[in-house]
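Participant: Have a look at this one before I ask anything.
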Amino acid sequence: MKDVIEFKIDKWIQRRTDISKFHLYGSSVGTLTLTELQSLAPNDEVIDKDLPLAYGNAQGSLKLRERIAALHSSPAVKLTADNVVITPGSIMANYLSLVNLAGPGDHVICQYPTFSQLWFVPRFQGAEVDFWRLKRGPGGWEASLDELKSMIKKNTKAIIINNPNNPTGAIIPLPVLQSLITLAAAYSVTLYSDEVFSPLFHGATRPIPPLVSLGYPATISTGSVSKTIGLAGIRVGWIVSPDVAFLERVMTARDWTTISVSQLDSGVAAFALSDKVLPQILARNHATCSRSIVVLAEFVARNQGCVEWTPPAGAGTAFVRVLGPDGEPVDDAAFADVLVKETGVSVLPGGFCFRDGDEDIELKGYIRIGLGLNEHILREGLKILERFLDGKGFSKSLVASTIKAQVFVSKL
């Protein structure tokens, strides 16, 4: 029997929840209450109180699927409800898609670093997985198309991306996406895009259309209302594809997991994604992220020599690197562990939580900080973090890193 490895992100958070006072690690933006949601369209009902609480449509409510299809369409590509499957969150959307995408004998290329599910599930299914690595340079986090082309094999089944990217905040701009499509079409490869953070793009970054709207039939996009919309408490995600035959296989696999998504959750999601409400939510959440980026930029500027970053172009997270007195990246797991125990400030150790294997020098020292936080909480948490960087706690975390190989990792 295959062992399922621990999902490091969730386990890290779960094991430190009770001692964490300032949760700076989150990736969802602007969590809303039902009352706040209702205030965005006072004359419409968030939930139909006469709705029978029975099983819903297995593929998802028609109203919700039609709305998601419209959001993923373009003048050249008109998708319908038949091109959409509703799932309990994007994590299930990814799981159901990936188990049907590749298996033994197949080769998959996955953008890296990224949400670990995107490479783990194909590997667990028996596929060979190679990483298309993002590298941080003067222009930000980027990956080479020439390198990607050299990685394609005769048995390459899919190229998997996360756009915008978690944890780096990098984006794949439209011209590069179009080159990806040309490359995939030349080798008859499926393009798969986790777009859970779309359309959260920052600053001067031009919004990027959904992958499935660009005219290549062998494309799959997944998403949810959890991250950009701020409704993680309702478990609604989706799979969108022009390939209806693929979606039929997804539905067959789904029969073994969940019968349908909650009708209450679906109703709230349809309300949030409506023409009246969605633009208001996105404007609010873009403003929150913009403020957070300014606050983080000020923090980095005050602590030059201790931290460095590339400001995120998209998504709901920032990837900040912590440096030791010697200018080298710290052990991020040791740093984050001592930080939360000493101060109650919780960040996500990026090198530890997003790497494949025991060590990845290119990710060492990074911590993930959320952009969707209340400004007061972010400022207070960063003040404490700043004092920690200048005090004994930081030295203690460096000592912890030296003994990690003997003791520390086994306790994470």
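Participant: Are there any pairs with C-beta distances below 8 angstrom linking a residue in the range 48-69 that is over 18 Å from residue 248 (Cα atoms) to a residue that is of a type in the set (Val, Ile, Thr) and modelled with pLDDT under 95, with the two at least 6 apart or on different chains, and if so which?
Facilitator: If the second residue must be of a type in the set (Val, Ile, Thr) and modelled with pLDDT under 95, the pairs left are 55/259.
Participant: Ok, one more. Given (1) surrounded by 24 or more Cβ atoms within 10 Å (Cβ to Cβ); (2) in contact (Cβ under 8 Å) with a residue 60 or more places away in the chain; (3) under 17 Å from the mean Cα position of the chain (by Cα), where does residue 212 come up short, assuming only one miss?
Facilitator: Here residue 212 clears every test but (3).
Participant: Counting only residues that are of a type in the set (Gly, Ala, Ser) and not in a helix (DSSP H, G or I), which one in the range 58-77 is surrounded by the fewest Cβ atoms within 10 Å (Cβ to Cβ)?
Facilitator: Step by step, filter the range 58-77, then rank; the result is 76.
Participant: Quick one: how many residues across the range 34-57 are exposed (fewer than 11 other Cβ atoms within 10 Å of the Cβ) and over 30 Å from residue 244 (Cα atoms)?
Facilitator: 5
Participant: With respect to residue 284, is the statement that it is surrounded by 15 or more Cβ atoms within 10 Å (Cβ to Cβ), touching an Asp or Glu at 6+ places or on another chain (Cβ under 8 Å) and either of a type in the set (A, V, I, L, M, F, W, C) or outside any loop (DSSP other than H, G, I, E, B) (or both) true?
Facilitator: Considered against the rule, which asks whether it is surrounded by 15 or more Cβ atoms within 10 Å (Cβ to Cβ), touching an Asp or Glu at 6+ places or on another chain (Cβ under 8 Å) and either of a type in the set (A, V, I, L, M, F, W, C) or outside any loop (DSSP other than H, G, I, E, B) (or both), residue 284 comes out as no.
Participant: Looking at the range 321-332 only, could you name the residues that are touching a strand residue (DSSP E or B) at 6+ places or on another chain (Cβ under 7 Å) and surrounded by fewer than 24 Cβ atoms within 10 Å (Cβ to Cβ)?
Facilitator: Across the range 321-332, the qualifying residues are 321, 323, 329.
Participant: Answer yes or no: is there a residue in the range 177-188 that is closer than 17 Å to residue 313 by Cα and at pLDDT 95 or above.
Facilitator: The answer is yes, given that some residue of the range 177-188 is closer than 17 Å to residue 313 by Cα and at pLDDT 95 or above.
Participant: When the residues of the range 96-131 are filtered to those that are surrounded by fewer than 19 Cβ atoms within 10 Å (Cβ to Cβ) and of a type in the set (Phe, Trp, Tyr), which remaining residue is farthest from residue 83 (Cα to Cα)?
Facilitator: This residue is 131.
Participant: Pull up the range 167-193, narrow it to residues that are part of a helix (DSSP H, G or I) and among the small types (Gly, Ala, Ser), then point me to the one that is surrounded by the fewest Cβ atoms within 10 Å (Cβ to Cβ).
Facilitator: Checked the range 167-193; the qualifying residue surrounded by the fewest Cβ atoms within 10 Å (Cβ to Cβ) is 186.
Participant: Before we move on, is residue 240 surrounded by 23 or more Cβ atoms within 10 Å (Cβ to Cβ), closer than 20 Å to residue 163 by Cβ, assigned by TED's automatic domain parsing to the domain that holds residue 197 and of a type in the set (A, V, I, L, M)?
Facilitator: Yes, satisfied.
Participant: Here are some residues: 253, 245, 269. Which one is under 24 Å from the mean Cα position of the chain (by Cα), surrounded by fewer than 18 Cβ atoms within 10 Å (Cβ to Cβ) and not β-branched (Val, Ile, Thr)?
Facilitator: 253
Participant: Still on this structure: Got a number for residues in the range 237-271 being closer than 15 Å to residue 95 by Cβ and outside any helix (DSSP H, G or I)?
Facilitator: 8
Participant: Continuing with this model, one more query. From the residues in the range 151-186 that are over 23 Å from residue 105 (Cα atoms) and among the polar types (S, T, N, Q), which one is nearest to the chain's Cα centre (by Cα)?
Facilitator: 166
Participant: State the number of residues belonging to the range 281-307 that are in contact with a His (Cβ under 8 Å, 6 or more places away or on another chain) and β-branched (Val, Ile, Thr).
Facilitator: Of the residues in the range 281-307, 1 are in contact with a His (Cβ under 8 Å, 6 or more places away or on another chain) and β-branched (Val, Ile, Thr).
Participant: Now a separate question. Please find, within the range 209-236, the residue that is farthest from residue 80 (Cα to Cα) out of those that are in a helix (DSSP H, G or I) and of a type outside the set (Gly, Ala, Ser).
Facilitator: 211
The values are calculated or read from the model by the stated rules, or taken from the named source; none is laboratory data. If you're wondering where the values come from, they're calculated on a predicted model, not measured in any experiment. Virtual Cβ from ideal backbone geometry, glycine too; neighbours counted across all protein chains shown.
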